[in-house]
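Chemist: Quick one: this structure, given as structure tokens, is what I'll be asking you about.
The values are calculated or read from the model by the stated rules, or taken from the named source; none is laboratory data. This one's a predicted model, so the numbers in the text were calculated from it and none came from an experiment. Neighbour counts run over all protein chains shown; Cβ positions are idealised from the backbone, glycine included. Only protein heavy atoms, including side chains, enter the accessible area calculation; ligands, DNA and RNA are left aside. Shrake-Rupley method; radii C 1.70, N 1.55, O 1.52, S 1.80 Å.
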Amino acid sequence: MAKIVKIKDIADYAGQVVRVRGWVYSRTGKGRLQFILLRDGSGQAQCVAFKREMDPAEFETARALTQESSVIITGAVRADERAPGIPGGYEIGIQSLELVQQALEYPISPKEHGTEFLMNNRHLWLRSNRQWAILRIRATIIKAMRDWLDSEGFLLVDTPIFTPAAGEETTTLFEVDYFGEAAFLAQTGQLYNEANSMAFGKVYCFGPTFRAEKSKTRRHLIEFWMLEPEIAFCSLEELMDIEEGLVTYVVGQVLDKHQQELKMIERDVQKLEAIQAPFARISYDDAVARLQGLRQQADDLPAREEIAIEWGEDFGSPQETALAEMFDRPVFVYHYPTAVKAFYMTPVAGRPEVCRSVDLLAPEGYGEIIGGSERIHDHDLLAKNIDEMGLGREAYEWYLDLRKYGTVPHAGFGIGIERTVAWICGLNHVRETIPYARLLNRKYP
RNA sequence: UCCGUAGUAGCUCAAUUGGCAGAGCAAUCGGCUGUUAACCGAUCGGUUCUUGGUUCAAGUCCAAGCUACGGAGCCA
């Protein structure tokens, strides 16, 4: 019995007879010669069926294979520069072929399809080359983030999905019935992270978060994954160092491990190679001034209106894009107006109208991929903010406790996985960065 | 929620002034010993998003609705 091998490894078996198991990605024939492009999840290899080298019944089976039929193929590996595949260059001369199932008419043909159709068939679309490449890069991005944090002394500490109260705004919560009481799906793990950081020093959580926002854009999901580090005894400047280290490591790992996938999705690799420390760090004041200056230079009126901004306003996506385009790598914008940021962010000493917050804007119009801040560690100020926001003191008693028992300056941030994947892969929508996107109008499949 | 665009075969699209519902791909059958989204011949394939209206006649015109896509706000 021939050895079962992964298609990605077949080059190691040149001249040997192996067994591969997978699905027919495509088939073309020339009569007594059939080319079967087989994928097995690890890669794709061309398997060649010659009528005179096979059992006649098995050849007929090969000749009739439909797209996505499942088969087990035994044959000899040989180098052939004409052979397509992933990685390609080697093919298998079929000696025998066992049909597991003859697939019914497969909905996703090699021709182009519309978004709605593809999303309705997401469970099958995942089998396509482009999706295969993107989701492998996603896995590497997540692994690289965790590897880097682990190596820097962070501890993974999980935070709950069911929560009794809001993390940020109360308008974007999913309410669920918790044995007769209201509970909410987590929109951040941050408050728990703060408690955990007081126990373990440097922590992070990684999991899904939920926001019931009625936003329908290329960068929003209802359910998205976020990685959130939190560090005790940390300043905003030190936080930026950490973010910079994390992001450059992640991009480096993708470049290191996924040249093949980046090529498949036609990503401009040079743009990624430019992602090196240090990233520019500009204040909100400076950012507003730059945007206003840019606006005066803008020729056409619509463009001018788009990036219009007054001090005190948060950036919309046109402003974020315009700012990011001034740099060839991500840019930090710090000290946002306190009024547009969350209740737990520390005011700047002597200038309480701005706070110790920092966003990281990705290049090429991908917008904010990280939001972070120094957290308020003074009990009375935090309590005052909670009251003023009308959040209800009861649900936050435990959070205020952290400021009673050995409070320390601390900071943390959240990085959105899907936006990061979209940026690194150069995609125009986050829906392809997650296996099953949850969007405003979609929860199927 | 607001603004804009679209909905025709399984998929991607066409259909002139309101006048017989079309093509490519997929599927099925046949042919072909090096295909790269192969090619050649044939077959199969329709609630033209829904409801109502105008008309001798509606895919096309009118009204309402539904769905999707793109953008905005908000955010990671």
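Chemist: Rounded, prolate or oblate: pick one for chain A, where a ≥ b ≥ c are the square roots of the eigenvalues of its C-alpha gyration tensor, a/c under 1.5 means rounded, and failing that, prolate if a/b is larger than b/c, else oblate.
Modeler: Prolate shape, in that a/c is at least 1.5 and a/b is the bigger ratio.
Chemist: Among A:4-16, A:389-401, A:184-196, what's the highest-first ranking by average C-beta atoms within 10 angstrom per residue?
Modeler: A:184-196, A:4-16, A:389-401
Chemist: Carbon and sulfur atoms: what percent of the 1.4 Å accessible area of the stretch A:3-101 do they account for?
Modeler: Answer for the stretch A:3-101: carbon and sulfur cover 48 percent of the accessible area.
Chemist: Counting only protein heavy atoms and using a 1.4 Å probe, what share of the accessible area of the stretch A:217-294 belongs to carbon plus sulfur, as a whole percent?
Modeler: 51
Chemist: Based on the alpha-carbon gyration tensor of the stretch A:3-101 and its eigenvalue square roots a ≥ b ≥ c, which shape applies: rounded if a/c is under 1.5, prolate if not and a/b is larger than b/c, or oblate?
Modeler: Rounded is the answer for the stretch A:3-101, as its axis ratio a/c remains below 1.5.
Chemist: Another question, if that's okay. Less than 15 Å apart at the alpha-carbon level, and either on another chain or at least 8 residues along: which aspartates and glutamates does that give for A:Lys271?
Modeler: A:Asp256, A:Glu325, A:Asp328, A:Glu364
Chemist: At 7 Å along Cα-to-Cβ for each site, give me the label-to-label distance between A:Asp286 and A:Glu98 in nm.
Modeler: Calculated label separation equals 6.5 nm.
Chemist: Using only Cα atoms, tell me the angle between helix A:190-200 and the longest principal axis of chain A; keep it within 0 to 90° and round to the nearest 10.
Modeler: 90
Chemist: To test your reading of the geometry: what angle, between 0 and 90 degrees and rounded to tens, separates the Cα axis of helix A:236-257 from the longest principal axis of chain A?
Modeler: 10
Chemist: Which angle between 0 and 90 degrees, to the nearest 10, do you get for helix A:129-151 versus the longest principal axis of chain A when only C-alpha atoms count?
Modeler: The angle comes out near 50 degrees.
Chemist: Return the equivalent ellipsoid semi-axes of the stretch A:366-445 as a descending list in whole Å, where each equals the square root of 5 times an eigenvalue of the C-alpha gyration tensor.
Modeler: 36, 17, 10
Chemist: Just add up the charged neighbours of A:Ser70: K/R +1, D/E -1, any other residue whose Cβ is under 12 Å from the Cβ of A:Ser70.
Modeler: Net charge around A:Ser70: 0.
Chemist: Would you kindly derive the ³J(HN,Hα) couplings of the stretch A:174-186 from the backbone phi angles with the Karplus curve 6.51 cos²θ - 1.76 cosθ + 1.60 (θ = phi - 60°), listing them in order in whole Hz, with x for Gly and Pro?
Modeler: Each residue of the stretch A:174-186 in turn: 8, 8, 10, 7, 10, 6, x, 10, 6, 9, 10, 6, 4 Hz.
Chemist: Could you give the accessible area per residue of the stretch A:3-101, probe 1.4 Å, as a whole number in Å²?
Modeler: Per residue, the stretch A:3-101 has 50 Å² of solvent-accessible surface.
Chemist: Out of the trypsin sites (Lys or Arg not before Pro) in the stretch A:50-92, which ones are loop residues according to DSSP with at most 12 other C-beta atoms within 10 Å?
Modeler: Of the trypsin sites (Lys or Arg not before Pro), the ones in loops of the stretch A:50-92 whose Cβ has at most 12 other Cβ atoms within 10 Å are A:Arg82.
Chemist: Show me the trypsin sites (Lys or Arg not before Pro) within the stretch A:396-425 that DSSP assigns to loop and that have at most 15 other Cβ atoms within 10 Å of their Cβ.
Modeler: Passing both the DSSP loop test and the Cβ count: A:Lys404.
Chemist: If you don't mind, there's one more thing I want to ask. So what's the net charge close to A:Gly201: Lys and Arg +1, Asp and Glu -1, counting the other residues with Cβ under 14 Å from its Cβ?
Modeler: Residues close to A:Gly201 contribute a combined charge of -4.
Chemist: Along the stretch A:115-125, what does the Karplus equation 6.51 cos²θ - 1.76 cosθ + 1.60 (θ = phi - 60°) give for ³J(HN,Hα), rounded to whole Hz, x for Gly and Pro?
Modeler: Running phi through 6.51 cos²θ - 1.76 cosθ + 1.60 with θ = phi - 60° gives 4, 4, 4, 5, 5, 5, 10, 4, 4, 9, 4 Hz.
Chemist: Could I ask something else about it? Could you calculate the FRET efficiency of A:Phe174 with A:Gln296 from 1/(1 + (r/R0)^6), where r is the beta carbon distance between them and R0 is 56 Å, rounded to 0.05?
Modeler: Calculated value: 0.80.
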